[in-house]
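Attaching a single structure in structure tokens format; questions to follow.
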């Protein structure tokens, strides 16, 4: 796919049109060679599709020789989105990756794996553990239940992760349930099977 910004006479990207925008001709041949009213949304759709599917435009026309990138992006989004690595998360407060991955299928974000922290006691009940990338953030706060494991004593208790609209993921320990994990060494929080809708 040839990106919209690489086509002639296109308005520079801004906050409303992050991929650029087609431009009408005022009679001086300064417009994009099509009509914005009838074609503008088509460009926005395909740019968003490529962005969400994480397919990098190759700068070539879609065809059998160069590849059908738009079809590839659609197939990824509908049927087989790739798992994103933990390196795309911004960890905080000494929490780190323990094989956590995430992906988005159209409007559903899914997780697998876990995060971990080494400490001598679990006293922080409202702490940011990581931040999600922009395209994976919910429009309203989501709350999901998670199991927390104190590894040295092999003791579990329940917790909640609160996913905010700015992408921050806050771990809240449920002090009313399960064992007291204070002094239980390393901690694992399991995200296997967690899902939320955008």
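Is there a residue in segment 161-172 that is in the same structural domain as residue 131 (by TED's automatic domain parsing), at pLDDT below 80 and either farther than 22 Å from residue 101 by Cα or part of a strand (DSSP E or B) (or both)?
Pass one, segment 161-172, residues in the same structural domain as residue 131 (by TED's automatic domain parsing): 161-172.
Then drop every residue that is not at pLDDT below 80, which leaves none.
Scanning segment 161-172 turns up no residue that is in the same structural domain as residue 131 (by TED's automatic domain parsing), at pLDDT below 80 and either farther than 22 Å from residue 101 by Cα or part of a strand (DSSP E or B) (or both).
If residue 88 satisfies all but one of (1) exposed (fewer than 14 other Cβ atoms within 10 Å of the Cβ); (2) under 26 Å from residue 195 (Cα atoms); (3) modelled with pLDDT under 90, what's the number of the condition it fails?
(3)
Taking the criterion of being exposed (fewer than 13 other Cβ atoms within 10 Å of the Cβ), farther than 22 Å from residue 105 by Cα and in contact (Cβ under 8 Å) with a residue 40 or more places away in the chain, would at least one residue in segment 35-45 satisfy it?
no
Any idea how many residues of segment 3-23 are within 10 Å of residue 43 (Cβ to Cβ) and touching a residue at least 40 places away in the same chain (Cβ under 8 Å)?
2
Look through 119, 154 and report the one residue that is farther than 12 Å from residue 171 by Cα, exposed (fewer than 12 other Cβ atoms within 10 Å of the Cβ) and at pLDDT below 90.
Values: 119 fails: exposed (fewer than 12 other Cβ atoms within 10 Å of the Cβ).
Going through 119, 154 in turn, the sole match is 154.
Consider segment 49-72. How many of its residues are under 17 Å from the mean Cα position of the chain (by Cα) and surrounded by 15 or more Cβ atoms within 10 Å (Cβ to Cβ)? Step through it out loud before you land on a result.
Filtering segment 49-72 for residues under 17 Å from the mean Cα position of the chain (by Cα) gives 49-56.
With surrounded by 15 or more Cβ atoms within 10 Å (Cβ to Cβ) added as a condition, the list becomes 49-55.
Of the residues in segment 49-72, 7 are under 17 Å from the mean Cα position of the chain (by Cα) and surrounded by 15 or more Cβ atoms within 10 Å (Cβ to Cβ).
The values are calculated or read from the model by the stated rules, or taken from the named source; none is laboratory data. In this text the structure is predicted, and so the values were computed from the model without any measurement. Every residue, glycine among them, receives a Cβ derived from its backbone with ideal geometry; neighbour counts consider all protein chains shown.
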